[in-house]
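*Asks:* Take a look at the following structure, please.
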Amino acid sequence: MLPTFDPRDTEAGSRILEDISSNAGHIQEQVLEEILTKNASTDYLKSFLNGHSDKGLFKNKVPVVDYEDIKIYIDRIAVDGEPSRILTNESITELLISSGTSGGKQKWIPKTAEEGERRAFFFCLLATVQNRYLHGLNDGKALFFVLINPDIHTPGGLVLRTTTASEIKNRKDRYPEVIFCEDTNQSLYSQLLCGLVQRDAIVSIGTFFASGLQRIIKFFEEHWQEMSSNIRTGQMSDWITDPKCKRTVSLILSKQMPDLADSIDLVCQEKSWEGIIKKIWPRTKYVQAIITGSMAQYIPALEFYTGRLPVVSPAYVSSEACFGINLKPLCSPYDVSYTIIPNMAYYEFIPIGNHQDPDCTNSKDAHLKDHIVDLANVKIGQHYELVVTTCTGLYRYRMGDVLLVTGFHNITPQFKFVQRRNVVLSIDTDKTTEQDLQNAVTIAMHILEPLGFFLLDYSSYADTSSIPGHYVLFWELQLRSNDDFPVLDQVKMEKCCSLVEQSLDLQYKMLRNRSISTIGPLEIRVVKQGTFNVLMDFYVSRGTSLNQYKTPKNIKSEKAIEILDSRVVGKFYSTEVPNQDS
């Protein structure tokens with residue numbers, strides 16, 4: 001039974017947090033016992049445990065699995081309409097759909113009513129932390145952007161929703177009507193318009209991921225003049241036809257406000273948009289967005305647009321479960337760690353000796369489970385891949401997330417999200433991870449930053465259309481000023497290519513240095529402004545939620561590559577062979 005409390009009561013919430021973090025090991029044993037007792041008779045567990053619920057037997061007999069290993073069971077429920085007891089003895093109420101842009105294919109994750117209660121408890125704890133450390137939130141309004149996709153139903157009759165849509169639609173009475181508009185452009189325009197009319201009341205701004213916040217800023221850049229005109233005349237644009245949007249905005253935009261429109265024009269017409277968030281919403285104290293893992297690439301851009309306001313990365317949450325809370329929400333975005341909440345799921349960890357090696361946890365070896373440690377036995381400074389067992393029917397399920405233990409809160413570990421396990425680029429025997437690539441790109445950008453550039457977004461693919469194949473990076477660059485985009489310096493861009501190569505691992509350098517090279521010179525293709533918005537639109541049109549969208553770092557879709565290639569304004573190649581000694 002999860003404790004209940006009012007999240008506004010920070011003392012009560014803090015006591016609960018201290019209690020569970022001081023008894024993490026005991027709570028974990030209780031969680032596993034509860035899961036096994038309830039679900040030992042399910043088809044899945046019965047095939048390994050013969051109806052027993054012994055925890056030792058579970059760890060000895062139940063295999064460590066990926067999504068592809070259990071997809072057949074989920075499909076039997078979602079597609080064929082078979083009962084939930086295949087995986088869980090609780091009734092599956094809906095399926096949570098992953099974005100499909102960070103790890104490849106979309107995943108369908110079961111959700112039950114009890115899981116909904118767990119998530120509600122988690123977000124109450126999160127609210128307690130934010131109320132304790134983020135002062136002034138009650139002195140005004142929060143402008144938090146939410147975009148909802150239409151519900152989809154599986155052939156078996158279950159609703160498919162994103163995690164965000166599930167949380168919102170199950171608590172409709174708590175949210176403004178405009179959020180439920182399923183036309184993302186109308187919804188985003190209306191939410192921004194409401195935020196502009198109330199600009200002097202806004203004290204915090206946010207959305208779910210840093211990439212989404214960047215997209216919102218670019219959308220505002222494209223539409224601010226139209227929004228200003230709406231405010232000046234007191235009339236919405238004719239293309240906003242959704243009844244929910246019209247009703248919501250009409251309550252706020254009820255008269256002509258020429259002075260407000262003038263003040264918005266004055267800010268948006270400045271030569272540089274540096275600090276635009278703080279200038280448009282001058283009372284803003286914090287910006288909220290997940291900024292860890294692959295989202296870390298957006299930190300420089302957000303620092304630019306926010307005027308270096310504190311960026312709060314609140315929690316580690318996924319479709320599978322809610323995992324951890326950032327107990328130091330005002331820390332540097334580069335230093336974010338999440339404290340695991342022990343009663344959300346049962347956690348296990350695969351030790352990774354060298355987190356730069358993507359093959360270190362890819363093994364399907366039956367002995368993999370022999371190396372797993374539980375929550376109580378992780379060590380500071382060690383990297384692990386997270387494995388979870390949940391109440392919703394996931395058993396020893398590999399999340400694919402590589403975490404670094406940074407410390408403990410009482411006896412509960414704190415983790416920094418390092419990278420996804422998946423390989424981003426691969427040619428011959430080279431395997432470059434997401435973190436490898438991000439680190440290399442960050443180093444290479446040091447060449448361009450003194451010229452007033454920052455990297456708005458990037459992606460990549462392995463081009464094997466010729467021999468030898470080579471890695472291609474797509475870069476969208478942004479000037480800090482609103483000057484016309486200059487002609488890129490050939491020598492400096494070639495130096496960027498060489499620095500990326502020099503920053504990759506020894507295996508890559510060896511393959512580039514062979515007498516008969518099996519990897520060709522790395523290429524950077526600079527794309528037009530707005531290209532990654534077009535790429536996002538492409539993935540959203542195929543069912544990805546804008547709230548959950550993450551720019552794929554390894555483009556596999558031929559259509560997506562075509563979109564990027566059609567907007568290339570410059571191609572540059574490495575002219576140096578990387579040095580194997582550094």
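*Asks:* On the given criteria, is Arg525 in contact with a Lys or Arg (Cβ under 9 Å, 6 or more places away or on another chain), among the charged types (D, E, K, R) and within 23 Å of Gln435 (Cα to Cα)? Break it down stepwise before answering.
*Replies:* Numbers: in contact with a Lys or Arg (Cβ under 9 Å, 6 or more places away or on another chain): yes; among the charged types (D, E, K, R): yes; within 23 Å of Gln435 (Cα to Cα): yes.
Yes: the conditions hold for Arg525.
*Asks:* Only residues that are of a type in the set (Val, Ile, Thr), part of a strand (DSSP E or B) and surrounded by fewer than 20 Cβ atoms within 10 Å (Cβ to Cβ): list them for segment 102-157, please. First the steps, then the outcome.
*Replies:* Residues of segment 102-157 of a type in the set (Val, Ile, Thr): 109, 112, 128-129, 146, 148, 152, 154.
So of that shortlist, the ones also part of a strand (DSSP E or B) come out as 109, 112, 152.
Selection gives Ile152 alone.
*Asks:* Out of (1) crowded, with 18+ Cβ neighbours inside 10 Å; (2) modelled with pLDDT of 95 or more, what's the single condition that is false for Tyr508?
*Replies:* (2)
*Asks:* If we scan segment 190-213, do we find a residue that is free of Cβ contacts under 8 Å to residues at least 24 places away in the same chain, open to solvent by 60 Å² or more (accessible area, probe 1.4 Å) and not β-branched (Val, Ile, Thr)? If you could, list the steps in order and put the result at the bottom.
*Replies:* Within segment 190-213, the subset free of Cβ contacts under 8 Å to residues at least 24 places away in the same chain is none.
Scanning segment 190-213 turns up no residue that is free of Cβ contacts under 8 Å to residues at least 24 places away in the same chain, open to solvent by 60 Å² or more (accessible area, probe 1.4 Å) and not β-branched (Val, Ile, Thr).
*Asks:* Across segment 188-210, what is the total count of residues that are assigned to a helix (DSSP H, G or I) and closer than 15 Å to Ile291 by Cβ?
*Replies:* The qualifying residues number 1.
*Asks:* Just for helices (runs of 4 or more DSSP H) wholly inside segment 470-582: which have at least 1 residues that are in contact with an Asp or Glu (Cβ under 6 Å, 6 or more places away or on another chain)?
*Replies:* Helices (runs of 4 or more DSSP H) meeting the threshold: 490-503, 506-513, 531-541.
*Asks:* Would you tally the residues in segment 284-303 being under 26 Å from Ser481 (Cβ atoms), open to solvent by 20 Å² or more (accessible area, probe 1.4 Å) and touching a residue at least 60 places away in the same chain (Cβ under 8 Å)?
*Replies:* 3
*Asks:* Related question: Give me the strands (runs of 3 or more DSSP E) completely within segment 379-428, filtered to those with at least 2 residues that are among the charged types (D, E, K, R), ordered by residue number.
*Replies:* Here the list reads 397-409, 412-420.
*Asks:* Out of segment 471-492, which residues are surrounded by 20 or more Cβ atoms within 10 Å (Cβ to Cβ) and more than 27 Å from the chain's Cα centre (by Cα)?
*Replies:* Of everything in segment 471-492, nothing turns out to be surrounded by 20 or more Cβ atoms within 10 Å (Cβ to Cβ) and more than 27 Å from the chain's Cα centre (by Cα).
*Asks:* Right, next: Do any residues in segment 44-72 that are under 14 Å from Glu33 (Cα atoms) have Cβ atoms under 7 Å from those of residues that are surrounded by fewer than 16 Cβ atoms within 10 Å (Cβ to Cβ) and of a type in the set (S, T, N, Q), where the two are at least six apart or on different chains, and which pairs are they?
*Replies:* Listed by first residue and then by second, the contacts come to Gly51/Ser41; Ser53/Thr37.
*Asks:* Counting only residues that are surrounded by 22 or more Cβ atoms within 10 Å (Cβ to Cβ) and of a type in the set (A, V, I, L, M), which one in segment 379-398 is farthest from Gly293 (Cα to Cα)?
*Replies:* Checking each candidate, the answer is Leu394.
*Asks:* Out of the residues in segment 431-460 that are part of a strand (DSSP E or B) and in contact with a Phe, Trp or Tyr (Cβ under 8 Å, 6 or more places away or on another chain), state the one that is surrounded by the most Cβ atoms within 10 Å (Cβ to Cβ).
*Replies:* Ser460
*Asks:* Which members of segment 158-187 meet the condition of being of a type in the set (Phe, Trp, Tyr) and either crowded, with 19+ Cβ neighbours inside 10 Å or in a helix (DSSP H, G or I) (or both)?
*Replies:* Passing the criteria: only Phe180.
*Asks:* A further question on this structure: Please find, among Ala301, Ala289, the residue that is closer than 20 Å to Phe145 by Cα and assigned to a helix (DSSP H, G or I).
*Replies:* Ala301
*Asks:* Quick check on my filter: what residues within segment 228-245 are over 20 Å from Cys268 (Cβ atoms), open to solvent by 20 Å² or more (accessible area, probe 1.4 Å) and assigned to a helix (DSSP H, G or I)?
*Replies:* Correct list: Pro243, Lys244.
*Asks:* Here is a further query. Answer yes or no as to whether Val418 is more than 28 Å from Val378 (Cβ to Cβ) and under 22 Å from the mean Cα position of the chain (by Cα).
*Replies:* no
*Asks:* Let me ask something else. Out of segment 326-357, which residues are open to solvent by less than 10 Å² (accessible area, probe 1.4 Å), outside any loop (DSSP other than H, G, I, E, B) and within 18 Å of Ile380 (Cα to Cα)?
*Replies:* Within segment 326-357, Tyr338, Thr339, Ile340, Tyr347, Glu348, Phe349, Ile350, Ile352 qualify.
The values are calculated or read from the model by the stated rules, or taken from the named source; none is laboratory data. These numbers come from a predicted model, not from an experiment. Positions of Cβ are generated from backbone atoms using ideal geometry, with glycine treated the same way; all protein chains shown enter the neighbour counts. Note: areas computed on protein heavy atoms with side chains; ligands, DNA, RNA excluded. Shrake-Rupley method; radii C 1.70, N 1.55, O 1.52, S 1.80 Å.
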